[in-house]
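Report on one structure; see the data block that follows.
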Amino acid sequence: MNILWDFDGTLFDTYPAYTRTFSKVLGERVHPSDIYKQLKISFTHAINYYQLTEAQLEEMARMNKHDVSLDDFKPFPHVEQILTFADKNVIMTHKSRKGVLDILNHYGWTDYFADIVTIDDGFPRKPHTASYEYLHEKHKLNMAIGDRELDLLPAKEIGLVTCMFQGQSDVADYHLDSYEDFFNIDFVKVASRLK
């Protein structure tokens, strides 16, 4: 079983920390639950949706650097069991390589991943398939797990089994509210979809 993972909101619960930062910048005029909802679409979407100025973006960057700790980015419960179960794990994220490695190193999880593609690698943004095709050709993937439809669309297009974490989508072959339920999936069926 070779799995492609999204990072934010899939492996690590990073949205609460980012929601707090957005909330401090935007003030009381926007409810944190609304910010969270926009962040779940994408970080870029939230920036555009709230029409953040350069000054606000600089303030957020400063807060993320000084006020947010790596301990604020918690791995989701039971996800480590899946990482140890999989034959191979890879990550495709729009996060920076440094940001990903800082968090993985903090939790001692770097060795779980055979490959990591980040925004720094220059691939087109999801839902373009280029980064997924690259990882699939290199690692013969079976499944992609993400928390947004955006994470699953390119996986579906290249023939991978898709799994939505804490969300609903017609694109997903499987839906998980908790990683505890991962082992209820029919892995023989998943393995048979390997291209």
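The values are calculated or read from the model by the stated rules, or taken from the named source; none is laboratory data. Please read all numbers here as calculations on a predicted model, not as lab measurements. So basically every Cβ, Gly included, is an ideal-geometry build from the backbone, and we count neighbours across all protein chains shown. To get the accessible areas, we keep the full protein, side chains included, count just its heavy atoms, and leave off ligands, DNA and RNA. Shrake-Rupley method; radii C 1.70, N 1.55, O 1.52, S 1.80 Å.
At-a-glance table
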quantity: Neighbourhood net charge (9 Å Cβ-Cβ; Lys/Arg +1, Asp/Glu -1) for Asp151; calculated: -1
quantity: Cross-link pairs Lys37/Lys138; Lys74/Lys95; Lys74/Lys98; Lys40/Lys138; Lys40/Lys65 - those with Cα-Cα distance over 27 Å; calculated: Lys37/Lys138; Lys40/Lys138
quantity: Counting all C-alpha pairs of the chain, share separated by more than 31 Å (%); calculated: 16 percent
quantity: Relative contact order (%) - criterion: Cα under 8 Å, at least six apart; region: the chain; calculated: 24 percent
quantity: Solvent-accessible area per residue for the chain (1.4 angstrom probe, square angstrom); calculated: 49 Å²
quantity: Mean ellipticity per residue at 222 nm, deg cm²/dmol - from DSSP H runs of n ≥ 4 across the chain, formula -39500 (n - 2.57); calculated: -12500 deg cm²/dmol
quantity: Computed lengthening from Lys24 to His128, 0.36 nm per intervening residue step minus Cα-Cα distance; calculated: 34.2 nm
quantity: Overall dimensions of segment 41-118 by Cα: Rg and Dmax, Å; calculated: 15.1, 45
quantity: For the chain, share of DSSP beta bridges that run antiparallel, in % to the nearest 5; calculated: 10 percent
quantity: Sulfur and carbon atoms: percent of accessible area, segment 37-191 [1.4 Å]; calculated: 50 percent
quantity: Peptide ranges 160-168, 175-183 listed from the most packed, as the mean C-beta count within 10 angstrom indicates; calculated: 160-168, 175-183
